[in-house]
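The structure appears below as structure tokens.
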Amino acid sequence: MPANPAGPPPPTTVAPPGRHRPDATAAAPAGPVTEARAGRGGPSSSLPRQARPGRDLFIDLLRLFGIGMVVLEHWSIPVLSYTGGPDGQITTGNAFASPGAFVITWITQVMPLVFFAGGAANAISHRSHVSRGGGDARWLAGRVRRLAWPVLPLAAVWIPLPHLLLALGLPDQPVQTAARLAGQLLWFLAIYLVAVAATPVLLRLGERFGWRVPAAMAVAAVLTDVVRFNGFEAAGFLNVAFVWPAVHQLGFLYASGRLAGFRLMAAGGFGAAAALVAFGPYPGSMIGLPGAVSNMAPPTVALLGVAFGQIGLAMLLRPRLVRLASRPRVARVMAWAGPRMMTVYLWHMSALFVVAGVAVVGLGLATPAPASAAWLAGWPLWLAALALAARPLIRLFARFEEPPSASGARPGAVRVAVATALVGAGLLTLTVTGFTTGVAPMLAAAALLTGLALITPMRRRAALRTPWSARRSARDLAAGRRGTVPAADQPVSQTYPANLPVSLSRR
């Protein structure tokens, strides 16, 4: 998010060779924003809205870029057609299955950047929380609430929706396909929750062993792939515990100023991935394609190589990216998108289903051949229709982005562990089953709700019954959207109390 207009940027430090280092003011808490002091209509009210001081612009931009690229990719790659009749079938293809298109996925598969940015955010948040006297359990409870709370309205809408649509006479196969895909999005939250839960332990390991932690995870990923591609396919899922946490761990190194060798990371990562694809059993695409071996589910060493390459490239571009994020127009976009990021991610596929339902199922239109003249001409119109469909969904459900306040709560470690396990089980179940008709999605939603209830104090749940406008004002003030300092008892996980400088490190 953009910097505070009230004063000059923090002093820039010169990092050691090949290393990026936060400056001495990194842990300073956010201060009030001049825009808020002047009040509405005051001299400074005409200034562009700026982010709270203390946020890392680079990390904010990476997260928003990652989610934005996921949305653009999901909206662009479906190749859809429909055969009508009472037993109508919708056929779903992938535009990246075209020859040579796999190269695009080495950039557009941005989940490694999202995990990297999440690791940096978790490290900064946890250290700030501990410095204020907080414990691991309370920090994790705040993270779990923030991660899982926006899923509740998604479940509330999608669990009954397939039953309603089938009762209205819509064909079963398109309805079940949409319901399944709406839940598959939650794979990211399920895996990210594991990384969040392991953050306190892995942070301590990282502080002691540094680069050796992600290096050990990378070696474990290599061994796992050796077993997987020698006839034990199921063993590949062990890499969920090695590949994504390794990328998350790189975010820890960034937050502590120990991430180094950016050119080597970029060249070595992309080079290793290219060699594995050229001479190994790995497909070229970094997203799953129908009927092909996947680098994503489960993740492979090839994907880890691309992750290192992407992070190295992003770090090389970091000074320019921070300057870009500081521009007023970009700052306004980030100020709008930041508090709605999870809502956009969770509901963008619902917008796709609405437009596809009308255009493909209702009107019988089919996707032109990918990259053809017709496809290129219709692509902007397709994206515009999807954006229009997504807008009311974002306006309606963005209010659930912020969980109820739990200030003053002191949940015990066992209680938080149980809550985290329940939320994780619910997310994993919905990832596998989606919101298809059946009892499993209902049990998953019950697990989510129970887990959140365990770490949401009863006295705070009364806030759910207050008018939405009042809750929105309170959330805005707590989040600093009107330029105020977050209350001392707000969960620290909602802020990034560090603004790493744009040092021109020797790379």
When the stretch 370-418 is reduced to its Cα atoms, the Kirkwood hydrodynamic radius in Å: 15.1 Å
Euclidean distance between Cα centres, the stretch 217-260 to the stretch 302-367, Å: 25 Å
- request: Could you tell me which of rounded, prolate or oblate describes the stretch 210-287, using a ≥ b ≥ c as the square roots of the eigenvalues of the alpha-carbon gyration tensor, with rounded for a/c under 1.5 and, failing that, prolate when a/b is larger than b/c and oblate otherwise?
  value: oblate
- prompt: Which Cα, out of Val361, Ser372, Thr420, lies furthest along the positive dipole direction of the stretch 351-466 (beta carbon charges, K/R +1, D/E -1)?
  reply: Thr420
message: Once each part is reduced to its C-alpha centroid, what is the distance from the stretch 403-455 to the stretch 84-130 in angstrom?
response: 23 Å
- request: Quick one: divide the alpha-carbon radius of gyration of the stretch 77-208 by 2.2 N^0.38 Å and tell me what you get.
  value: 1.47
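Which of the three applies to the stretch 287-438, rounded, prolate or oblate, going by the alpha-carbon gyration tensor with a ≥ b ≥ c and a/c under 1.5 meaning rounded? Write out the running numbers ahead of the final one.
Values: a/c = 1.37, a/b = 1.24, b/c = 1.11.
Rounded is the answer for the stretch 287-438, as its axis ratio a/c remains below 1.5.
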- request: Show the residues, 5+ positions off or on another chain, whose built amide H is closer than 5 Å to the amide H of Leu80.
  value: Gly93, Thr367
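Is there a quick way to get the dipole size of the stretch 162-249? I mean about its Cα centre, with the Cβ of Lys and Arg at +1 and of Asp and Glu at -1; what is the value in debye to the nearest 20?
Values: 5 positive and 4 negative charges, 60 e Å.
Dipole size: approximately 280 debye.
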field: Ascending count of other beta-carbon atoms within 10 Å, so fewest first, for Ser76, Ser125, Ser131
entry: Ser131, Ser76, Ser125
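Only Cα pairs under 8 Å and at least 6 apart count here; give the relative contact order of the stretch 202-244 as a rounded whole percent. Mind dumping the intermediate values first?
On the way: 25 pairs, mean separation 14.2, N = 43.
Relative contact order here is 33 percent.
Within the stretch 209-261, which chymotrypsin sites (Phe, Trp or Tyr not before Pro) sit in a loop by DSSP and count at most 16 neighbouring Cβ atoms inside 10 Å?
Values: sites: Phe209, Trp211, Phe229, Phe232, Phe237, Phe242, Phe252, Tyr254; in loops: Trp211, Phe229, Phe232, Phe242.
Listed in order of number, the matching sites are Trp211, Phe229, Phe232.
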task: Before anything else, pin down the relative contact order of the stretch 208-293: Cα pairs under 8 Å, at least 6 apart, normalised by residue count, whole percent.
output: 24 percent
- request: With a/c under 1.5 counting as rounded, go ahead and sort the stretch 135-279 into rounded, prolate or oblate using the C-alpha gyration tensor (a ≥ b ≥ c being the square roots of the eigenvalues; past the cut-off, prolate if a/b is larger than b/c, else oblate).
  value: oblate
field: Cβ-based exposure ranking for Arg127, Arg391, in which fewest neighbours within 10 Å come first
entry: Arg391, Arg127
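No value in this document is a laboratory result; all are computed from the given coordinates. As the structure is a computational prediction, the values presented were derived from the model and not from experiment. Cβ atoms come from the backbone with ideal geometry, glycine included; neighbour counts cover every protein chain shown.
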